[in-house]
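Rule-based calculations on the coordinates, nothing more; no lab input. Predicted model, so just to flag it, every value in this text is computed and none were measured. We place every Cβ from the backbone using ideal geometry, glycine too, and count neighbours over all the protein chains shown.
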Amino acid sequence: MRNMVAKKVLFEESSIARPASAVVRSHVAGREGLDGIIYVAWRGNENSANISVAILRMQFVGDPNSDAQALANLRRTKTILDDASIAAPALAVSDREQRVFMAWTGINNYWLNFAEIVGPDSESHVKLLKPPPSANTSFTGPALVWHGPRDLLYAAWAGDDDLHSINIAEIDLNCNMMRLNKTRERTHQSPALLSSFSGRGQGDPRVILAWTGTDQHLNTAFINLDELDVEQNSKLTYDQLSDGPPALVSDGPPEVGYYRHYIGWSGVDGIEQINIANNFHYNLGSPQAPVLYPETFTESAQGGLSLVVIGARTDERDTNVQLAIWTGIGENNFINVGLAGEG
């Protein structure tokens, strides 16, 4: 097991759920110029359901041994929104225009909400541009992703019905829901979405769905965007178990063939240790056995984690940094940012 303690920073911000995260700007110019801006959003603790949004600015310099120092020097600003959520929100970024979007389940009637985050203003605060809440309800927090080929957002969530069926929706960049479908897959947790290639630079970019089944097994599958449904012949169910939501991230842009996909989750070992595995997507839609080879960390996460990548792989040698962001287990349930790996 690996230990992230030496390369992590603890925020004195508490939450009852995992934070959401998304990279807005990422720059690569060798190891000396690896920097990024990360948006992090979270629901407060048991005393506050309000959503907070923080903007993190970080720069990695020198050799990998300096990464802990880069985390220690991380700069951030925070806005506490008037909007409240029953669970963790979700974030997505339009790479084309660097617009940031958020989805969450409101505390009134469990309605789904979609909004664009604008700012920061001169006082480093952000605000939301949003239509009225959707009439659709969710059992927990949603997932959200921007898909470049269609320049649209896609959302997934567990329905507020007896089955907790996974719903998939198509949303325009004005945050209006265009289409919706209820799938036959079920979950008690928030699902996860990722837009990327289905293989090593081959074929059209796809949207991947990951979810924790009602039996606690992790699952992944492609989404048929025309039908807004799970492609059953691509569905894989893994031996790994979780009692929280999974997380997905890729370390390369869709036009690049050299990249890896990562899936992260908290285990069911009684201490909810963080697990991260890569390249799960090569088995999607193939007859190969669905096998994950995770790296297990000593840190524990309440309700899963989120993953981001600073930098992007432009060939097999370029460097990037993978960060895990999670809510710790303890008296205060503080948010943590830790170095999970390097490309």
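Just a few scattered comments:
- A full extension of the chain between Arg76 and Asn174 corresponds to an added length of 32.5 nm, given 0.36 nm per residue minus the alpha carbon distance.
- Phi angles across the range 173-180 convert, under the Karplus curve 6.51 cos²θ - 1.76 cosθ + 1.60 with θ = phi - 60°, into 3J(HN,Hα) values of 7, 8, 6, 9, 6, 9, 9, 8 Hz, Gly and Pro given as x.
- Listed peptides 84-93, 159-168 by packing density, highest first (mean Cβ within 10 Å): 84-93, 159-168
- Residues of the range 152-189 with amide N under 13 Å of a point placed 7 Å along Cα→Cβ from Leu129: 173-176
- Taking amide hydrogens as placed 1.01 Å from N in the peptide plane, the amide H of Val24 sits under 5 Å from those of Ile37, Ile38, Tyr39, each at least 5 positions away in sequence or on another chain.
- Spin-label model distance (nm) - Arg96 vs Asp161, 7 Å beyond Cα toward Cβ: 3.2
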